[in-house]
1. Going by average Cβ density within 10 Å per residue, which order do the peptides 507-516, 326-335 take, highest to lowest?
2. As an exercise, take the mean of 1/r over every pair of distinct alpha carbons in the chain, invert it, and state the Kirkwood radius in angstroms.
3. Suppose a student asked you for the relative contact order of the stretch 259-312, using Cα pairs under 8 Å spaced at least 6 residues apart; what percent would you report?
4. Could you grab the relative contact order for the chain? Cα pairs under 8 Å, six or more apart, rounded to a whole percent.
5. If you average the sequence gap of Cα pairs under 8 Å that are 6 or more apart and divide by the length of the stretch 334-465, what percent do you get for the contact order?
6. Would you calculate the convex hull of the Cα atoms in the stretch 182-312 and tell me its volume per residue in Å³?
7. So for the stretch 128-251: antiparallel DSSP bridges make up what percent, rounded to the nearest 5?
8. Using a Förster radius of 35 Å, what is the FRET efficiency between residue 328 and residue 542 based on their Cβ-Cβ separation? Nearest 0.05, please.
């Protein structure tokens, strides 16, 4: 691709010779102007405008650095070895449309005293509240790397790391004793070691971050995991990932011939919402089609996996850790890349390597696709949204894995979308369960099973203005089982208290990993109300490779507009 770079004072114009769009990036005083991709001619692709929405990365970085400078925090951590494990952007409570995050929640761990703290405050530095950390927080990439460094000093295993006989990988669950409260046991990070040859065995060790020592386990793995000689999945690349604490919300406007088709906010996974800190994959906010509201929030707050015979797990996975995949094109903002060809995730490329992490945007003539690849231990998840000019939204989730012993066993991934439908307006919405035997109005909060998988749909409509959409199951969505709990829930909107069920653990042990939104079903009237639909898909995975390239998820078809 020919590329020309012009630098004019504070203005940088990046023009790709073989790309039909032009992108212009300007930065001044920590803010960005819109990135506009104009078609070469009216018959060509869409015009797409991408504008950063919410706090800049400079604001986030400044707030994160400020946490450790607060006098009260400095006093608590004085003379200790410590780190910030998680830095999550938080929306302040509000009514109406989602607003940019203006607050944060930082999780700190003090290794010297085996204790942790949660620091909550505003990005502008006005307030700070400190509370004691009770539950073990998930391990981030920085802490994992620190654990690997301790393994490298082990008399036996260290040599294997140094000579290339062992390669570290992130296992599930990520912690040993993860279901024990902070301070009851030493914080212990799990590190997988994959052999390259016959001298070593595949094994998962525990790294005591307090005593700085390595723990070995009978059977070469801690509870809930398997480290067997036989492995499934693609070779892990060990590339860097994105943790919490990234500014990543953007307003996307799609037009053709000057007519607006789509207008929405996209939030990259590392900045996505979630009360328990697990994130919610690629998140869409304030989704409007041809000038009218369809969805006010659409995300995946709950993701879990269960194995036949409990061979491993079960696990409650997280959806914020962005991994690398191949996306060729132009970076229009940090973590947003406009692609010149369809992005290649692990499902398409058959490799765990890549050149980009974040959200890739691809314009395919009559539709646009947004995609990100996520990591949770050895799992690789694909979060994808496709929006067509004709008015169809296609949420999809794909499933893969890097090499490990667990995923050779049959297992089922359960993914749950939370869809806050506001068809034209937030109020006056109703859901109809459409089945071959006749339509049923959903009058009260309830779980609705997919009795007739592909012939059953749900219509969400506005009782006053008449607009409607149809929620249509996908061919790979299957039906719920004892662990999966349900297929479709129709609820009255109670944002943000019911964003997800609050399960913060990964499991297993004393952790309950199935979805637990049954308490949300309180019998309230859903006729002519503000509606939220939870949609569950249940994907049976026979091995950890690429799941035959298939993805789960429904279609949301706009019918009357």
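1. For the peptides 507-516, 326-335, the packing ranking is 326-335, 507-516.
2. Over the chain, the inverse of the mean reciprocal pair distance is 24.5 Å.
3. So the answer I get is 30 percent.
4. Averaging sequence separation for qualifying contacts and normalising by length gives 12 percent for the chain.
5. Rounded, it is 15 percent for the stretch 334-465.
6. 205 Å³
7. So the antiparallel bridges amount to about 95 percent of the total.
8. 0.65
Readers should treat all values here as calculations from the given coordinates under stated rules, not as data from a laboratory. Since the structure is predicted, the reported quantities are computational estimates derived from the model, not experimental observations. For neighbour counting, all protein chains shown are included, and Cβ atoms are generated from backbone atoms with ideal geometry for every residue, glycine included.
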